[in-house]
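The values are calculated or read from the model by the stated rules, or taken from the named source; none is laboratory data. In this text the structure is predicted, and so the values were computed from the model without any measurement. Note: ideal-geometry Cβ built from the backbone for every residue, glycine included; neighbour counts use all protein chains shown. Just the protein is used for accessible areas: all its heavy atoms, side chains included, with ligands, DNA and RNA removed. Shrake-Rupley method; radii C 1.70, N 1.55, O 1.52, S 1.80 Å.
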Amino acid sequence: MNTPYCFEGILTALRNNRNEEGSWIPWLVGALVACAVFLGWSTLKQQEQVDLQRSTSILLERLQTALARDLDQRVSSLQRLAERWSHHGGTARSAWESDVANYLADQPGYHSIARLDATLSDRWVVIDHDSGSARSSSTDSLPDVAWLERLLSDAPATGLSSAVALPDDQWGFVLYHAIFKNEQPDGYIVASFELDAWLDFVLNGATEELFAVQVWLDDTLVLDRSAVSARHSSTASLTQTGNASTLDQSRQGNLALYGQQWRIAVSLTETRLAANQSRMAEALLWSGLLVSGLLVWALRATLRSRAENRELQLHSLQLEAQWRNLPGMAYHSQLTSPSLLEFVSEGCHKLTGYTRQDFQTGSITWDSLVNAEDREMRQACLDSAIASGEAYQVVYRIVCHDNGEKWVWERGNICDSERDQVCLIEGMVLDITEQKHTEIALTESTAYAQTLVDTAAEAIITIATNGDIESANRSTERMFGYERRELLGRNVRMLMPEPFMSEHDAYLARYLKTGEARIIGTGREVSGLRKDGSVFPIQLSVSEFQTKEELKFVGLIRDLTQQQRAEQEASLHRERLAHVARVNMLGEMATGIAHEINQPLSAISMYAQSGLRFLDAGVPRPERLRDALEKLSAQAHRAGAVIERMQQFARQRESTCETVDCNQLVREIASLAESEALIRDAQIELDIDRHIGTVQADPIQLQQVALNLLRNGMESMASIDHRYGNRIVLRTRGNAEGVTLSVIDQGSGVSAEAAEQLYKPFASTKDMGMGIGLSICKSIIHSHGGELDFVNGEGHGATFFFTLPYPS
Amino acid sequence: MSQSIQQVYIVDDDEAIRDSMSMLLETIDLPHQCFSSATEFLEIYDGTQRGCLVVDIRMPVMNGLELQKNLNEQECLLPIIFMTGHGDIPMAVEAMRAGALDFMRKPVREQDLLDRIQQALQHESGEFDMHEKMAGIRSRIATLTPKEHEIFDRVAQGQANKVIAAELGVSERTVEVHRAQVMKKLDVRTLADLVRLKLTGEAQLSP
């Protein structure tokens, strides 16, 4: 669970280690490796212990089985011997001896084999001559008779004695077997064993060097093979076996054989092999620790170098990026071959379109890129820099890969390379095309502006805050009649008539103090004063601009003399046209007018007739007569008034400017159109706002406009047979800016095609129309500073309206 | 039918015209009444008025033609003389087609106007009598039972009693009794009178 995290940590740290932050990593790795080594070592050790213990156990088991098996074999061979004796009913001593000698030869370890008769007195003893004890002992090496008797007295047919001390300080034991002759006991076969030799044979050298073996027979230590040196010294081996390291691994096994208790103890001795193994493990441990130490060091070194590398790389990347961000490139070349660039920064591609390789391999030279016209100049610059050893800078054009031209600024110096003692030119080339273009554009625009100012039809005058003229263009000379030198430095008020002349300084002072502008920012019509004293109308607009040092004002003056004359002519023209339109309209209204005059005429006629009849009847009734005549007179006046009104409307006259009450105007219009409305079955309604103010206008012209709109509306309603009704509303409304007069009809509305042609002269939707009505109306309203427009109603009807501003 | 005096009803929106015409009619002692608009006249009109109407064809709100149409719908018998300030032929034609008695252009010649008014009054008088007579005939015919009406129709068509009896499946005697009853109810003595009465009545019924 921990390990993956650990590795993860290490990997992460390796990946983004930075100097000191990851310095614990090598230590950690070292410690981990050391731990692993130690763990391996201890496991090895343990495994070794276990192995040894196991082999000890195996050996013990093997010894036990070997002992048992060998003893069994010997017992059975003794039995066979006994059987043979029994079978033959005894043999001759020589035959017996040769027989036994074979046995002895076959199975080492015997000390002697003897036949005893039942009394134990007759002994045929055959001693193994190979055995060590036999060589040195007498023939009568068997235990004494008493001991044998004791042994055999109550024992079974086959038996084993406990340990018997043999001559020569040897331990032995005795194996016996009863012999029968013709079913009668006829003595014993007694085999005495030399324990040492027998065990040697049985154990078959398995104990050699590796193990210490101790054998007890009936609690008597009969064999002690603790060590080579102590092979024959039981006491010495006992002390040796007391050693803790060997006792730890000792194994003991008990086994009962033929009535005797055997105990075998096997333990590991300090053998060379074990020591070797241990030394190897030790060596492994130390070399492992050493390796981990080395690992720590190597890892630390790697990390550090990596970090350094990384930093270096970062630096070079930063440098690279910085170069790349430069709007140009850096280079160096040898002084001896200045056109071959040894190094160029990456910016060269962006700047010129050629790659670094192109330059560095010399396939393209910098000189060849320099515009031919500038080449000489740059070379001269370079030469003088080389001569003086100073830095140089030069601006010139280059031709790029795409044949485009760029302006560049180069700065460089001559320096000695530290590396190989050559003179280098180190330079930086920046793209200044944009700046250059801006510069050129600025120059051009300045020239353009100057030309504009000089050729402008308007007079352009710049003044300082004290009113002194700082500049004036040519038109100013022409317009005011002064020469420029007469104007510069003098106060601008010289160009104004009274009262402006004396108040101008105060205007300026007030503006500078309060910021309250009268003319600045807006245009205004004022008067100018020429050198010859004549006053003329001008349009003046002033704007201010802040230079570095101070505030300045620029005045733009347009001579309005011509314009005003043109306006007057246009006005006259408009008046004439308006008159034509009015007369035309009156013609169109003839039916209505006739009706209007017919009414009083009919009345007059009838009053007159009535009067005559009163007279004819011969019954003079003066009061009736008088009544008739008075009424007759009134009707005559009425007719006269109608005609007078028509005349007024039709008269050609100069336009006037009077105070006009639009409500009154609307009422007059309604009465003018009344008879026509009657003829057209239209009903005129007035919707009057009593709170509107008066406007300054030509009343007749306004009447003309309103009447025109009214008649158009009625006509529109009649043209669709009053499908949507026959009401036409004249409405006046006022707001803060001025008065709006609307004519709201219930006619067909204005179609899109008609709307396009609406104000065009000589375009009419009416069969008999001249088409000057609305165009003249619009022109009239415009000349009054107002607007004429319309909106269509929803589904039907249209509202034509015009606005007139209140006099300012 | 209680109001039997003939009057001239002047309908004109122009006060001067009304007043001067009123004065003119006064000179010949003709009873008259002035109205400033068509609606004002319609308010007092209940079918009992007798005489004639002098109407200005152009008036605001309701013009002369509309007044005429309204009166026609009420089966008004009053003849109408239209006046107009200018000759408006289409309107005149429409007015005449709708039964106007005359159409006069302003300013009118007073004598002409008075003559027309007199004619109109006479015409109205005749019309009125005729109307009265026919109303009498119709009311008499209305008193007939269905059977008598059947026999009245057949007799008026000139069928002989015998034929009528055969077609209706009644006896000739029954027909004779019914016929006598019809003659008596209709107050006629001869067959010719009966036929005339029937024609007159039918003419009225389907004008």
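Which residue, chosen from B:71, B:48, B:82, occupies the Cα position most advanced towards the positive end of the dipole of the stretch B:6-127, where the dipole is computed from +1 (Lys, Arg) and -1 (Asp, Glu) charges on Cβ about the Cα centre?
B:82
For chain A, take the longest principal axis of its alpha carbons; what is the angle in degrees between that and the long axis of helix A:561-588, to the nearest 10 within 0 to 90?
70
At a cut-off of 20 Å², which residues of the stretch A:566-606 become less accessible once all protein chains are present than in their chain alone, using a 1.4 Å probe?
A:591, A:595, A:598, A:599, A:602, A:603, A:605, A:606
I'd like to compare A:775-781, B:24-30: which one has the highest average count of other Cβ atoms within 10 Å, and what's the full order after that?
Order by mean packing, descending: A:775-781, B:24-30.
Tally up the carbon and sulfur contribution to the accessible surface of chain A as a whole percent, 1.4 Å probe, everything protein left in place.
Here carbon and sulfur together make up 53 percent of the probe-accessible area.
Just checking the output field for B:12-20: average partner chain Cβ neighbours within 10 Å of each residue's Cβ?
Partner-chain Cβ atoms within 10 Å, mean over residues of B:12-20: 6.
From other protein chains only, count the Cβ atoms within 10 Å of every residue's Cβ in B:104-111, then give the mean.
Averaged over the peptide's residues, the number is 5.
Could you state the number of Å between the C-alpha centres of the stretch A:289-321 and the stretch A:372-423?
The stretch A:372-423 and the stretch A:289-321 have Cα centres spaced 41 Å from each other.
As I understand it, the dipole of the protein assembly as shown uses +1 on the Cβ of Lys and Arg and -1 on the Cβ of Asp and Glu, about the Cα centre. Which of A:546, A:95, A:792 lies farthest toward its positive end?
Towards the positive end, the residue furthest out is A:792.
Which percent, nearest 5, of DSSP beta bridges in the protein assembly as shown are antiparallel?
If we restrict to bridges inside the protein assembly as shown, about 85 percent are antiparallel.
Based on the Cα atoms of the protein assembly as shown, what semi-axes does the equivalent ellipsoid have, where each is the square root of 5 times one gyration tensor eigenvalue, given in whole Å with the largest first?
Semi-axis lengths for the protein assembly as shown are 158, 70, 23 Å.
Have a look at the stretch B:40-59 and report residues whose accessible surface goes down by 50 Å² or more when the remaining protein chains are included, against the chain on its own, probe 1.4 Å, ligands and DNA/RNA excluded.
B:58
Give me Rg/Rg_expected for the stretch A:569-805, where Rg uses Cα atoms only and Rg_expected = 2.2 N^0.38 Å with N residues.
Values: Rg = 20.6 Å, N = 237, 2.2 N^0.38 = 17.6 Å.
It is 1.17.
In debye to the nearest 20, how big a dipole does chain A give about its Cα centre with +1 on each Lys and Arg Cβ and -1 on each Asp and Glu Cβ? Each step should come with its number before you reach the end.
Values: 74 positive and 106 negative charges, 718 e Å.
Approximately 3440 debye in magnitude.
In Å, what Kirkwood hydrodynamic radius results for the stretch A:371-443 from the alpha-carbon pair distances?
Result for the stretch A:371-443 stands at 13.6 Å.
Counting only other chains, and only Cβ atoms inside 10 Å, what mean value do you get across the residues of A:607-614? Before the final figure, lay out each step's value.
Details: counts 7, 3, 10, 11, 3, 2, 8, 3.
What the average comes to for A:607-614 is 6.
Relative to the Cα centre, what is the charge dipole magnitude of chain B, using +1 at the beta carbon of each Lys and Arg, -1 at the beta carbon of each Asp and Glu, and rounding to the nearest 20 debye?
1380
With a 1.4 Å probe and all protein chains left in place, how much of the accessible area of the stretch B:143-205 comes from carbon and sulfur atoms, in whole percent?
54
Could you give the accessible area per residue of the protein assembly as shown, probe 1.4 Å, as a whole number in Å²?
Computed with neighbouring chains in place, this is 53 Å² per residue.
Using the alpha-carbon atoms, what tilt in degrees (0 to 90, nearest 10) does helix A:622-650 show relative to the longest principal axis of chain A?
50
Using Cα atoms only, what is the angle between the long axis of helix A:699-719 and the major principal axis of chain A, expressed in degrees (0 to 90) to the nearest 10?
70
I'd like to compare A:67-76, A:693-702, A:442-451, A:386-395: which one has the highest average count of other Cβ atoms within 10 Å, and what's the full order after that?
Answer by packing, highest mean first, reads A:693-702, A:67-76, A:386-395, A:442-451.
Quick one: buried accessible area between B and A, total over both chains, 1.4 angstrom probe, nearest 100 Å²?
Result for this pair: about 2300 Å² buried.
Please compute the alpha carbon radius of gyration of the stretch B:1-101, then divide it by the globular-protein estimate 2.2 N^0.38 Å. Two decimals is fine.
Compared with the compact-globule rule of thumb, the stretch B:1-101 sits at 1.02.
Give me the net charge of residue A:107's neighbourhood, meaning all other residues with Cβ under 10 Å from the Cβ of residue A:107; Lys, Arg count +1, Asp, Glu -1. List each step's numbers first, then the result.
Working: positive: A:74; negative: A:70, A:106, A:128.
Here the count lands on -2.
Pick out, from A:104, A:57, A:479, the residue whose Cα sits farthest towards the positive end of the charge dipole of the protein assembly as shown, with +1 on the Cβ of Lys and Arg and -1 on the Cβ of Asp and Glu.
Farthest along the dipole direction, towards plus: A:479.
Report the charge-dipole magnitude of the stretch B:6-127 in Debye, nearest 20, computed about the Cα centre from +1 at each Lys and Arg Cβ and -1 at each Asp and Glu Cβ.
320
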